[in-house]
Amino acid sequence: MTIHATVTIVREGNKLLLQKKSTGRFGEGKWNGPGGKLKPYETLEECAVREVMEETSLRVSSLKLHGTLKHYFGNVDEPAWIVYQLSTTDYQGELRESEEGELRWFPVDEIPYGEMWQDDEHWLPLLLEGKDFEGDFYFNEDGTALLDHKLTAVE
């Protein structure tokens, strides 16, 4: 069964907020935007707002949907995850870490791609340029290696 989730890139000037997932969490040890699973009754925006609030204590608004990424793990026909990538520069509140992981602002020229999911280096530059995209990313079974991908910029 495919899991639907959001990831939100919060931006401030030339910096973006990333979270290093805690041990025991999906994606542990990797930097990524705050996010999580979509609940059955939620819109994408409601999920993104809730997840960012739970993980950072920030209240985000004016979200932009940039892309939909399908993630496949192992030799399967259906994606394990469909992740909706959003961004915003509008937020309120004081940043606070949660049990989800460490939070840090990174300058866009110092994004730690070597400590992120391997697909991030393909789609994140498009998001930072304000572009929209769709992608399919094929990982080995445990997600440690990106085997193949298809990423398309969309109008």
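Any residue at all in segment 36-59 that's of a type outside the set (A, V, I, L, M), touching a residue at least 24 places away in the same chain (Cβ under 8 Å), in contact with a helix residue (DSSP H, G or I) (Cβ under 9 Å, 6 or more places away or on another chain) and buried (at least 16 other Cβ atoms within 10 Å of the Cβ)?
yes
List the pairs whose first member sits in segment 65-81 and is in contact (Cβ under 8 Å) with a residue 60 or more places away in the chain and in a loop (DSSP other than H, G, I, E, B), whose second member is among the hydroxyl-bearing types (Ser, Thr, Tyr) and surrounded by 15 or more Cβ atoms within 10 Å (Cβ to Cβ), and whose Cβ atoms are under 7 Å apart, counting only residues at least 6 apart or on separate chains?
Once the first residue is in contact (Cβ under 8 Å) with a residue 60 or more places away in the chain and in a loop (DSSP other than H, G, I, E, B) and sits in segment 65-81, its partners that are among the hydroxyl-bearing types (Ser, Thr, Tyr) and surrounded by 15 or more Cβ atoms within 10 Å (Cβ to Cβ) give PRO79/TYR72; ALA80/TYR72.
If you take the residues in segment 107-137 that are part of a strand (DSSP E or B) and not small (Gly, Ala, Ser), which one is surrounded by the fewest Cβ atoms within 10 Å (Cβ to Cβ)?
Checked segment 107-137; the qualifying residue surrounded by the fewest Cβ atoms within 10 Å (Cβ to Cβ) is PRO107.
I'm checking my understanding of the structure. Among residues of segment 138-155 that are touching a helix residue (DSSP H, G or I) at 6+ places or on another chain (Cβ under 8 Å) and at pLDDT 95 or above, which one is farthest from GLY24 (Cα to Cα)?
Checked segment 138-155; the qualifying residue farthest from GLY24 (Cα to Cα) is LEU151.
Consider TYR84 carefully, then state whether it is closer than 20 Å to ASP120 by Cβ, out of contact with any Ser or Thr (no Cβ under 7 Å at 6 or more places or on another chain) and either polar (S, T, N, Q) or assigned to a strand (DSSP E or B) (or both).
no
The values are calculated or read from the model by the stated rules, or taken from the named source; none is laboratory data. Treat the numbers as computed from the prediction; the structure is a model and nothing was measured. When we count neighbours, we look across all protein chains shown, and the Cβ atoms used for this are built from the backbone with ideal geometry, even at glycine.
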